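One structure below.
The values are calculated or read from the model by the stated rules, or taken from the named source; none is laboratory data. It should be emphasised that the depicted structure is a prediction, and the values quoted were computed from it without experimental measurement. Cβ placement follows ideal geometry from the backbone for every residue including glycine, while neighbour counts extend to all protein chains displayed. Ligands, DNA and RNA are stripped out before the accessible areas are found, and what is left, the full protein with its side chains, is counted by its heavy atoms. Shrake-Rupley method; radii C 1.70, N 1.55, O 1.52, S 1.80 Å.
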Amino acid sequence: GVFYEVVQSFPPVEENVEVDSYVTSHRWRRHSESLKSVDTNRASMEQDSSEPGGFTDLLLEEGHDNTTQIEEDTDHNYYTSRTYGPYDSTSRDLWVNIDQMEKDKVKIHGILSNTHRQAARVNLSFDFPFYGHFLREITVATGGFIYTGEVVHRMLTATQYIAPLMANFDPSVSRNSTVRYFDNGTALVVQWDHVHLQDNYNLGSFTFQATLLNDGRIIFGYKEIPVAVTQISSTNHPVKVGLSDAFVVVHRIQQIPNVRRRTIYEYHRVELQMSKITSLSAVEMIPLPTCLQFTSCGPCVTAQIGFNCSWCSKLQRCSSGFDRHRQDWVDSGCPEESKDKICEKNIDTTETPLYSTTTLLPTTTRFRVLTTTRGSTTSHLPTSLPTEDDTKIALHLKDNGASTDDSAAEKKGGTLHAGLIVGVLVLVLIVAAAILVTVYMYHHPTSAASLFFIERRPSRWPAMKFRRGSGHPAYAEVEPVGEKEGFIVSEQC
């Protein structure tokens, strides 16, 4: 139930947000093989890890084992996460020292650094893969997270986020608190520097960052975490560490003209163990293959990547049915087409999956639904705020559950619009033809068309009489007489 104000946003912020909850079982569980085959290249930002007073000086004194200590190694269907403890040298390698970056590329956001519960849009200089989708714009929030959705609403904490540490941070309570970000063309680093909790300032300052790389990897780095994350209160703001994504479905409200309801379905969430988030720790999340990476039918339907991939010939797209293109998938009839996995042409085996194959087992996961309404002033805010206890929220979504009648209605509206244009054009042509005929007959009174209309002119005319003028043989003055008297014409006429 936390609302954020969004500055410099486009498209406009959706004001009305409503949360519903359901249950679903439309997920598949990946069982990863040995993670030795996973590429573990680190975020190389050319930083010097031995700077005085920096990250390495905070490490504990000698007597500790500095060998690799992977605290957690978890498979999340879309990502594989690895958590490195404070005594692991990898934690130092993953931390990006923004102070040593080019100063003209490091930007301190003035609004975010001096306000509470604000968010601002930031453009990326590269395509960032997120759940198989490429993003070029994100929204950075003061609450320790990045919003990745295209539909900007006020409940940014609900879903579609990258959260190194989402909490009730307020940079305005301290002059030393800043929100900085750095983009070098291949990676974006967002750092919350010396921020304090708004409802518990005395706990101390937090310093952490999130790094988004162009290969899809996401790295959380923690330099200063003064208290256990599990002790941070979630009364006034949700506390989350992880990722989330959702798809948006637009419904037309027939009872209210020009009003559409936007429903946001959260189809996946990565929840990291908060007890592992400490000072000098780090988390690396490596993306796993998705159906969206396949560009032809054969490799799509034969893929063994942990998802039930299907090919839609109308969209020329491979999908499991649960991604950000869900509405197009349903509107185009792809769920029915996906039941038959036989490709129209011979299966092309030249394209191979980019990653190793895994075994499938059914599983369940939680879904969260956000509903936003756009339209006239008939929309209203919900009377009660929803809870943020996400561990109890689930969603039931059938294959046809997200379908709407928007497609048929829009097609019908397009047909009527085209017919109206044709009718207007025909009317304009008729009027132009009438004008041209009139002008022609006016300048050609002896033409067949002119004589045709003269012969059929009305026969009742006012009766006239002529009388001789002032002596001129060809002059006659005309004055009207009664209709029944007929015509009296002088001989000179």
Does THR363 satisfy the criteria of being hydroxyl-bearing (Ser, Thr, Tyr), surrounded by fewer than 19 Cβ atoms within 10 Å (Cβ to Cβ), modelled with pLDDT of 95 or more and over 30 Å from ASN258 (Cβ atoms)? no
Could we say that PRO299 is closer than 26 Å to THR211 by Cα and at pLDDT 90 or above here? no
Would you check which residues across the range 75-129 are among the hydroxyl-bearing types (Ser, Thr, Tyr) and touching a residue at least 24 places away in the same chain (Cβ under 8 Å) and list them? TYR78, TYR79, THR80, SER81, THR83, TYR84, TYR87, THR90, SER91, SER113, THR115, SER125
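Just to check your reading of the model, which residue among GLU344, GLU336 is assigned to a helix (DSSP H, G or I), over 25 Å from the mean Cα position of the chain (by Cα) and charged (D, E, K, R)?
GLU336
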Restricting to the range 208-222, and then to whatever is open to solvent by less than 50 Å² (accessible area, probe 1.4 Å) and of a type outside the set (A, V, I, L, M, F, W, C), can you tell me which residue is nearest to the chain's Cα centre (by Cα)? GLY216
Identity of the residue in the range 130-153, assigned to a loop (DSSP other than H, G, I, E, B) and under 21 Å from LEU272 (Cα atoms), that ends up most open to solvent (accessible area, probe 1.4 Å): GLY132
Within the range 223-258, restricting to residues that are part of a loop (DSSP other than H, G, I, E, B) and open to solvent by less than 50 Å² (accessible area, probe 1.4 Å), the one that is nearest to PRO86 (Cα to Cα) is ILE225
State which residue pairs qualify: first residue over 11 Å from LEU112 (Cα atoms) and inside the range 164-188, second residue open to solvent by 30 Å² or more (accessible area, probe 1.4 Å) and assigned to a loop (DSSP other than H, G, I, E, B) in any location, beta carbons under 6 Å apart, and separation of 6 or more residues or different chains. ASN168/GLN198; ASN168/ASP199; ASN168/ASN236; PHE182/LYS105; THR186/ASN214
Which residues, taken from the range 320-331, are open to solvent by 30 Å² or more (accessible area, probe 1.4 Å) and assigned to a loop (DSSP other than H, G, I, E, B)? ARG324, HIS325
For the range 209-243, give me each residue that is more than 20 Å from ASN97 (Cβ to Cβ) and in contact with a helix residue (DSSP H, G or I) (Cβ under 9 Å, 6 or more places away or on another chain). PRO226, VAL227, ALA228, VAL229, THR230, GLN231, ILE232, PRO238, VAL239, LYS240, VAL241
Can you tell me which condition LEU156 does not meet? The list is (1) surrounded by fewer than 22 Cβ atoms within 10 Å (Cβ to Cβ); (2) part of a loop (DSSP other than H, G, I, E, B); (3) touching a Gly at 6+ places or on another chain (Cβ under 9 Å); (4) not charged (D, E, K, R), and all the others hold. (1)
